[in-house]
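Coordinate-derived values only; no laboratory data. Remember, it's a predicted structure, so these values are computed and weren't measured experimentally. Cβ coordinates were reconstructed from backbone atoms using ideal geometry, including for glycine residues, and neighbour counts include every protein chain displayed.
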């Protein structure tokens, strides 16, 4: 361990002495590592953003969906919907599904004369679909005991009610029923159309009180289960619900994005292209570093001869020369990574990455990108330093001293 530390210290000392000769080549390495790190980071961020978008639309892997059509020939009554909800809850409880939500929709009227699409969902729905609130909270289990139903609205519905935040709209009238606003969802651009979320039983109750129970859409069950349980989960949940609702039609399938994409990452080609470009830049920077290092070694032959005469082994000479390159590229890589992180935190860059979408907060800089950049910089330094190190150890002691 002491020898390794001493070799690194020698390398750092030599690097400081000969900093002029390696400065320009290390600038190229710095730019290349910054480009490589940025490519990996942008690819990770883009993949994360795309996955969140796809999971918001179709659910997380693996999301199972059961479509339930009541046996009633006419429009289903509130009792039919309640019976279906009972069957869904019983099936979920029986199999211990950790994240599940019944889903339904009803078009209810606001006092302003406009209609709003109210979606009946369970509290787990927010986690399953990445539905985050900008104000207040999402639906919780304790909301089931409320006399006045809890409701979460979007920014478009608040604008319809007159604008402002949640503090100005504590309640909202839906077809004569007063609902308590507990949270606001703001999904940025494209969220102008009024929308709201309530517990499924509350949707049924409000629609029934307004005489609109026949306008409630068919019920669905969404269950987020381990991927290895997807096929069995569809079969067992469908069978249980069908048994509890004689005569009803229950169809189930897996609906998350991996069920259709086959696990293919749509951003992989783009990320590979970005990384390929960065690798080319990195190779050019490494080539410049090798050229400068080889020329420098030719000028330091006497130095290596004196070291050998005083007992330095070939291995020590090889390690010292190679570590000069490694230490230099690691320092250059660290600077390049720091530049990437600094640029990532700039407001203009954050706005560009989010494409102006409101309510979106970028995650922290991907640690995997920083680690990749640091490892690659060390690897490039080792490869670039091995050539001049080989030349240095092949020098004969007597010839080196005479040089």
Under the 7 Å Cα-to-Cβ spin-label approximation, residue 169 and residue 239 lie apart by a distance in nanometres of 4.6 nm
Once residue 90 and residue 50 are pulled to full extension, the length gained, defined as 0.36 nm per residue separation minus their Cα-Cα distance, is 11.0 nm
At R0 = 30 Å the Cβ-Cβ FRET efficiency linking residue 346 and residue 277, nearest 0.05, sits at 0.85
Simple spin-label estimate for residue 249/residue 180, 7 Å along Cα→Cβ, in nm, reads 4.0 nm
hull vol. (C-alpha, convex hull) per residue for segment 60-255, Å³ -> 114 Å³
P(r) of segment 134-246 over all Cα-Cα pairs, 5 Å bins starting at 0, rounded to whole percent, reads 2, 10, 17, 16, 17, 14, 11, 8, 4, 1
Ranked from fewest to most other Cβ atoms within 10 Å of their own Cβ, 36, 45 fall in the order 45, 36
Mean projected area (nm²) from the convex hull of Cα positions in segment 87-156 is 6.0 nm²
Taking 53, 238, 101 and counting other beta carbon atoms within 10 angstrom, the fewest-first order is 53, 238, 101
Contour minus Cα-Cα span, residue 386 to residue 79, at 0.36 nm per residue, comes to 102.6 nm
Expressed as a whole-number percentage, the relative contact order of segment 60-255 with C-alpha contacts under 8 angstrom and at least six residues apart is 40 percent
Most exposed first, judged by fewest Cβ atoms within 10 angstrom, 27, 281 run 27, 281
